[in-house]
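The values are calculated or read from the model by the stated rules, or taken from the named source; none is laboratory data. Keep in mind that what you see is a predicted model, and the values were worked out from it rather than measured. Every residue, glycine as well, gets a Cβ built from its backbone with ideal geometry; the counts of neighbours run over all protein chains shown.
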Amino acid sequence: MRLLRFSVFFPPWMVLILVFPLAIAQSKTTYYGKLDGRLHIDPDWANYTQWDEGIPADEIKLGVPFKEKDHLFKGQLTLAAQAGIKFDGAVVESADGTDVLYLDLDRDGRFEENERFVLQPLTDHSRDTATKSWVRIEVRLTSSPYKSCPMQINLFTADIPKPFAQQKLWIRYVRRQFVEGYAQLPDRSLLMRFEYTFVNNAIDLNHDAEWADVNGDGKIDTSAGSMEALNATGKPPIFHVGKLLLSAQSIDLATNTFVLRTVSPKEYNRIELTVGSTVPDFAFTDFSEKTHHLSEIKAKYLLLDFWSTTCLPCVADMPSKVKIYEEFHGRGFEILGMDGAEENLEKPQKLLNKYKIAWPQAKYDKELFDDKFQITLWPTLVLIDEHHKIVSVGNKLKDEGLSETLKSLFQ
């Protein structure tokens, strides 16, 4: 049988018609969102500060009444350091257990009655064992398109580890604000949050943090290693949402709108810290400037410990981690410290010497820490097995949680 071949000629106008629908299909890669027009905070994203203990003479100076057995502390809360938004404050811890916060919100040099806040005792310690009392207030804004923004202040209990000065009051307060809204995807709405800065009253998609409700549960997971809270590293972060890889294209605070775009898998090089996924081999430099690879470390279970001397929980957890290391190292447990915040190694080395820490340490590497692992919180703890498969991530590996996890695994 002889096959006949046909050559079909399409005039230019018909070629344009055939190609044009394909071009339209390929260009449908943007999704539009709407912001709610308010500033928000997440209590899990907090800063720490120390306030000095006051003296009786401060009662007159500050205009803060307190009794003989009360404790007075004074200090300052910074909402935006670069924008110069700071508030003088005082705390009175009464003998009856009542805590009162005074905050000079209008910055006129004195405390008015509406600048006095009674803190509420924290009754549920299931998520926060360090806080004894807290208060949430609205801070008035004068040089921002927003009239106000929330701030939450937590006071610590007296028995938490204090690696620094003792005669001080430790305060945990939220000062990281964001705007939020929803974008309509093909199959659902996606909750998005964008960090807001007061320096220029804007959002820098290339350098500020972003959040996305990746799993669609209506909440944002800000825990260490989360897929839903990322920092921009010179370009907008990429979120893995179902089958889509999404990145912010633009945001307009004047119209409260934003645009997301899909990106190519070639642009996505993140090491996803999810249980069951595998950490690829990577190179790191130790504190002696020697280069090593993850594959060189032979262990049944290896803890990747992203830490910093500026992280209070990291420092407080070191004695416990040393004991756990001594207990399980002989059975095949190893730790790789990942010093993720300091280029000057003098301070972290001093701390390592203090606790006689023997496990290897990797110095900060922007490409590895920020671009690939995308570490946003310290500590970030990742436990992998001998095949580099992730066994556990996050808070479950803190303190005794690490010990219990290892006992279970080695049994």
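For region 140-171: of the residues being in a loop (DSSP other than H, G, I, E, B) and among the aliphatic types (A, V, I, L, M), which is modelled with the highest pLDDT?
Residues of region 140-171 in a loop (DSSP other than H, G, I, E, B): 141-147, 157-167.
Next, from what is left, pick out any that are among the aliphatic types (A, V, I, L, M): 141, 158, 160, 165.
Values: Leu141: 87, Ala158: 63, Ile160: 53, Ala165: 46.
If we take residues in region 140-171 being in a loop (DSSP other than H, G, I, E, B) and among the aliphatic types (A, V, I, L, M), then Leu141 is modelled with the highest pLDDT.
Please indicate, with yes or no, whether at least one residue in region 220-231 is in a strand (DSSP E or B), β-branched (Val, Ile, Thr) and surrounded by fewer than 21 Cβ atoms within 10 Å (Cβ to Cβ).
Scanning region 220-231, I find no residue that is in a strand (DSSP E or B), β-branched (Val, Ile, Thr) and surrounded by fewer than 21 Cβ atoms within 10 Å (Cβ to Cβ), so the answer is no.
Can you find a residue that is assigned to a strand (DSSP E or B), of a type in the set (Gly, Ala, Ser) and surrounded by fewer than 16 Cβ atoms within 10 Å (Cβ to Cβ) anywhere in region 172-186?
Of region 172-186, the ones assigned to a strand (DSSP E or B) are 172-174, 177-184.
Now restrict to residues that are of a type in the set (Gly, Ala, Ser): 181, 183.
From what's left, surrounded by fewer than 16 Cβ atoms within 10 Å (Cβ to Cβ): none.
Scanning region 172-186, I find no residue that is assigned to a strand (DSSP E or B), of a type in the set (Gly, Ala, Ser) and surrounded by fewer than 16 Cβ atoms within 10 Å (Cβ to Cβ), so the answer is no.
Among what's in region 109-131 and is at pLDDT 90 or above and not in a strand (DSSP E or B), pick the residue that is nearest to Asp221 (Cα to Cα).
Within region 109-131, the match that is nearest to Asp221 (Cα to Cα) is Leu119.
Between Tyr325, Tyr364, Tyr301, which is over 26 Å from Tyr48 (Cα atoms) and touching a Gly at 6+ places or on another chain (Cβ under 8 Å)? Full working, then the answer.
Values: Tyr325 fails: touching a Gly at 6+ places or on another chain (Cβ under 8 Å); Tyr364 fails: over 26 Å from Tyr48 (Cα atoms).
Result of the check over Tyr325, Tyr364, Tyr301: Tyr301.
Only residues in region 318-332 that are within 18 Å of Trp307 (Cβ to Cβ) count as the first member; pair them with residues that are hydroxyl-bearing (Ser, Thr, Tyr), Cβ under 9 angstrom, at least 6 apart or cross-chain, and list the lot.
Listed pairs, sorted by first residue: Met318/Tyr355; Pro319/Tyr355; Ser320/Ser403; Lys321/Tyr355; Val322/Tyr355; Lys323/Ser403; Ile324/Ser403.
If you go through region 358-395, how many residues are without any contact (Cβ under 8 Å) to a residue 40 or more places away in the chain and either crowded, with 17+ Cβ neighbours inside 10 Å or farther than 22 Å from Ile297 by Cβ (or both)? If you could, list the steps in order and put the result at the bottom.
Here is the first cut: in region 358-395, the residues without any contact (Cβ under 8 Å) to a residue 40 or more places away in the chain are 358-359, 364, 367.
Next cut, either crowded, with 17+ Cβ neighbours inside 10 Å or farther than 22 Å from Ile297 by Cβ (or both) only: 359, 364.
The total comes to 2.
Take the residues in region 335-356 that are of a type outside the set (D, E, K, R) and farther than 19 Å from His292 by Cα; name whichever of them is surrounded by the most Cβ atoms within 10 Å (Cβ to Cβ). Don't jump to the end; show me each part of the working.
Initial filter on region 335-356 (of a type outside the set (D, E, K, R)): 335-338, 340-341, 344-345, 348-349, 351-353, 355.
Then keep just the ones that are farther than 19 Å from His292 by Cα; that gives 341, 344, 348, 351-353, 355.
Working: Ala341: 16, Asn344: 8, Pro348: 23, Leu351: 16, Leu352: 19, Asn353: 9, Tyr355: 12.
Top of the filtered list is Pro348.
Restricting attention to region 287-313, which residues are crowded, with 20+ Cβ neighbours inside 10 Å and in contact with a Ser or Thr (Cβ under 6 Å, 6 or more places away or on another chain)?
Of everything in region 287-313, just one residue is crowded, with 20+ Cβ neighbours inside 10 Å and in contact with a Ser or Thr (Cβ under 6 Å, 6 or more places away or on another chain), namely Phe306.
Rundown of residues vs (1) in contact with an Asp or Glu (Cβ under 8 Å, 6 or more places away or on another chain); (2) within 30 Å of Phe333 (Cα to Cα), yes/no style:
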position	(1), (2)
Glu228	yes, yes
Gln249	no, no
Asn256	yes, no
Ala299	yes, yes
Cys311	no, yes
Val315	no, yes
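Which residue pairs have Cβ atoms under 6 Å apart, sit 6 or more places apart or on different chains, and have a first residue in region 228-240 that is under 9 Å from Gln374 (Cβ atoms) and outside the structural domain of Asp217 (by TED's automatic domain parsing) and a second that is at pLDDT 90 or above and crowded, with 21+ Cβ neighbours inside 10 Å?
The qualifying pairs do not exist here.
When you look at Leu244, is it within 26 Å of Gly37 (Cα to Cα), touching a residue at least 40 places away in the same chain (Cβ under 8 Å) and not β-branched (Val, Ile, Thr), yes or no?
Numbers: within 26 Å of Gly37 (Cα to Cα): no; touching a residue at least 40 places away in the same chain (Cβ under 8 Å): yes; not β-branched (Val, Ile, Thr): yes.
Taking the combined requirement at face value, the residue does not satisfy it.
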